[in-house]
1. Do you know which residues across the stretch 1-53 are touching a residue at least 60 places away in the same chain (Cβ under 8 Å) and of a type in the set (Phe, Trp, Tyr)?
2. Would you check which residues across the stretch 209-268 are within 21 Å of Trp182 (Cα to Cα), open to solvent by 10 Å² or more (accessible area, probe 1.4 Å), of a type in the set (A, V, I, L, M, F, W, C) and touching a Ser or Thr at 6+ places or on another chain (Cβ under 8 Å) and list them?
3. Consider only pairs whose beta carbons are under 8 Å apart and that are at least six residues apart or on different chains; among these, list those whose first residue lies in the stretch 256-274 and is charged (D, E, K, R) and whose second residue is exposed (fewer than 15 other Cβ atoms within 10 Å of the Cβ) and modelled with pLDDT under 95.
4. For the stretch 155-196, enumerate the residues that are charged (D, E, K, R) and touching a residue at least 12 places away in the same chain (Cβ under 8 Å).
5. So, Leu179, is that one modelled with pLDDT of 95 or more, touching a strand residue (DSSP E or B) at 6+ places or on another chain (Cβ under 7 Å), open to solvent by less than 60 Å² (accessible area, probe 1.4 Å) and not β-branched (Val, Ile, Thr) or not?
Amino acid sequence: MTLSLAGFDHVRLPGTDGVELAAAVGGSGNPVVLLHGFPQTHLMWRHVAERLAGEHTVICPDLRGYGASDKPAATGPEVYSKRAMAADVVALAAALGHERFALVGHDRGALVAFRAGLDHPETFTHLGLLDVVPTLDMWDVLHGVSAAVGYHLFLMAQPPGLPETMIANSADAFFGSFLDAWAGEPAAMPEPVRAAYLRACAGAVPSIVADYRASAGIDVTHDQADRDAGSQLAMPVTVVQQDWGARLGYDAAAVWQAWAPDLDHRLTRAGHFMAEEAPDEITGAIRDLLFR
């Protein structure tokens, strides 16, 4: 089994602040950038990207701090803010000659895409967001024992030192537990792919923790400022997610509607890793978005 995207070139491109990102680039046509989630790399898009490449230029980077991209030291909270990671994506696409493009993100990548859409509304034609709620709302909907599903959010929010040590000392068990617990169809993630994710995460513990720590601090500040200002996503938005609203007791569509007036909100029966478990469904949702 190949662990690259078939027919794609693998390149390194400039982000911001001297950070370089690894990316797979293929296809031709109107550009779409696909951002991966946790605990994964751009490899999670292998099925969807290859389907879209017949109609679009498809760009699949590893986020800063993940995979083969640079992992700068977290010298301040802004280094792994979603604002900085969103700026990386804008710079990366510009380096390929794309000043305006569609953006789709899963999990952590969806939080980057959400921030990108608010910070750079003129850059994005369409926005696709898979299996998240915005950071500010995420903390609001985690209550009582139901919050245990997101225990890692609280662990990695702790001050530097302890989370990194705990996770590094049991990296395969820690990251592997999410690959197991969140998969609706384990066969969709073959062992070589799973092993590649675990290797990548084990080599990126400090930066992954810094990414999550930002979501308990600076990212909340940025989201709150936009909520206070009444900012909304100006482009067509599609959200595809599991029925987290029913599980945690909130109205997921209403949460998103407040941020995205032009919203297509969809529920899926696939597990969290929906781009790998249900690539036809996710490709179809992206195509529908791009025709809006």
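The values are calculated or read from the model by the stated rules, or taken from the named source; none is laboratory data. None of these values were measured; they are calculated from a predicted model. Every residue, glycine among them, receives a Cβ derived from its backbone with ideal geometry; neighbour counts consider all protein chains shown. Heavy atoms of the whole protein, side chains included, go into the accessibility calculation; ligands, DNA and RNA do not. Shrake-Rupley method; radii C 1.70, N 1.55, O 1.52, S 1.80 Å.
1. Phe38, Trp45
2. Leu248
3. Every condition considered, the pairs that remain are Asp262/Arg292; Asp264/Arg292.
4. Within the stretch 155-196, Glu164, Asp172, Glu185, Arg194 qualify.
5. no
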